[in-house]
Amino acid sequence: MVETSALRPMIARPSGGLTGDIRVPGDKSISHRALMIGAMAVGRTRIEGLLEGEDVLCTAEALRRLGVRVRRLDAATYEVSGVGVGALAQPSAVLDMGNSGTGARLLVGLIATHPLTAHVTGDASLCRRPMMRVIEPLTRMGTRFEAQAGGRLPMLVTGARLPVPIEYRLPVASAQVKSSILLAGLNAPGVTTVIEPEATRDHTELMLAHFGARLHITRDRDGATRIALTGQPELEARRVRVPGDPSSAAFATVAALVVPGSDITIRGVGVNALRIGLCRTLTEMGGDITFDNTREDAGEPVADIRIRASRLRGVEVPAERAPSMIDEYPILAVAAACAEGTTVMHGLAELRVKESDRLTAICDGLRRIGAEVREAGDTLIVDGRGAALAGGGPVATHYDHRIAMAFLVAGLACTGPVRVDDGRAITTSFPGFDALMQNLGADIGTDSEPGAR
Ligand code: S3P
């Protein structure tokens, strides 16, 4: 994988006001799902705006190895020739999911109820991440796993010949685990039910409904959501237009808020209520963010977002909001460091098991650029001084795309440059990040003098 090639040190320098009108690449979560659910439909699914990041391309390649034809028709436009529920083939080679936890966990669910054996692996970061959270429920459905110690990749997955539908209450608020079980439930007879005490992104449910699956979603008396999927449906090929990824838009959003004089618009961004916790938080911090022209595509709400530079103040971010902004804490922490006052972010235990231990990476990085930050259990506390930070680095990114992008954005609003040790992972989710930011007037690029101070 890319991970073994030479590092790519990057630098961001203090920049003048950002301006312009941009689009960000397609939503990563929705792109994975469009490919996988398209593969389970009968007929040809056309996907427009697919994210051509490495994570999603790994999913496309894995599906090809499972006998599905996935063709690139044009930039970001793909056609999936679905084989129908239950018709994936014994893979001809290893399924390498690269850096992608979503790709790995969802794909394992998809194959879990197919009568095949697959060897699933990923890069060094993915091989450190917990898979027990999907192994446990999928084992109950009849799937067999031979994993590394502690339930890690690489692993051998032997799909259930006679899948058993289950009712499963999620022990962690994870859309990946929910989706893995629902995708497994596609080829189980009867009804597979997932109960989620805390709502997580519902792209799988929306996409399954878009393709004609029968889902019954109700609220339990304790407030938990109960998602019941009727197995072995006939899914019909559909057209999918993937909205811009709000988790990618987050970087330009915070950049525009913290660089004085900025005024930008990001068009066609997904604004699913279960994804926009960051915009909510930034608005509470005093950020000038407006959603215009809200519309719907393939069941997903989409809007144009206008962001103007604002004086931010510290706020308290409740743990209940974490699932709706779980990938946005690195960039929120940067916004908090530029704000005036203390920002307290609760309920961040899951950040320890993302592409890197993000709690540690955020703290180390912020200290390197002159911010004051503390960890208290799964709470992160950033003391903003309302003045530009000094900058510095290099910030250690641990091959984590969101850590790299967050600290490059920080560099735009510091008094000196910010260096990050390696920006290669950015292409896993946001190909073209530097060019897009440069279009807005940001000074971000490869660091030709990584040793300099
Ligand atoms: C994702 C869910 C989140 C998120 C990840 C994408 C998804 O993970 O961090 O980047 O597409 O379902 P968890 O659901 O495990 O928190």
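The values are calculated or read from the model by the stated rules, or taken from the named source; none is laboratory data. Just so it is clear, the structure is predicted and the values come from calculations on it, not from any experiment. All Cβ positions, even for glycine, are placed from backbone atoms using ideal geometry, and neighbour counts span all protein chains on display. All accessible areas refer to the heavy atoms of the entire protein, side chains included, with ligands and DNA or RNA removed. Shrake-Rupley method; radii C 1.70, N 1.55, O 1.52, S 1.80 Å.
Quick check on residue 181: is it hydrophobic (A, V, I, L, M, F, W, C) and away from the ligand (no atom under 15 Å from the Cβ)? Spelling it out, it is not the case that residue 181 is hydrophobic (A, V, I, L, M, F, W, C) and away from the ligand (no atom under 15 Å from the Cβ). Only one entry of 293, 272 meets the criterion of being assigned to a loop (DSSP other than H, G, I, E, B) and assigned by TED's automatic domain parsing to the domain that holds residue 330, and that entry is 272. The requirement of being open to solvent by 10 Å² or more (accessible area, probe 1.4 Å), touching a residue at least 60 places away in the same chain (Cβ under 8 Å) and more than 19 Å from the chain's Cα centre (by Cα) is fulfilled somewhere in the range 26-43, by at least one residue. Counted as qualifying within the range 53-164 are the helices (runs of 4 or more DSSP H) with 1 or more residues that are loosely packed, with under 15 Cβ neighbours inside 10 Å, namely 132-140. Could you please find all residues in the range 213-226 being open to solvent by less than 40 Å² (accessible area, probe 1.4 Å) and closer than 21 Å to residue 239 by Cβ? The one that is open to solvent by less than 40 Å² (accessible area, probe 1.4 Å) and closer than 21 Å to residue 239 by Cβ: 213.
Return a yes/no flag: does the range 182-189 have any residue that is on the phi < 0 side of the Ramachandran plot and surrounded by fewer than 22 Cβ atoms within 10 Å (Cβ to Cβ).
There is at least one residue in the range 182-189 that is on the phi < 0 side of the Ramachandran plot and surrounded by fewer than 22 Cβ atoms within 10 Å (Cβ to Cβ).
Of the residues making up the range 301-320, those that are assigned to a helix (DSSP H, G or I) and open to solvent by less than 20 Å² (accessible area, probe 1.4 Å) number 0.
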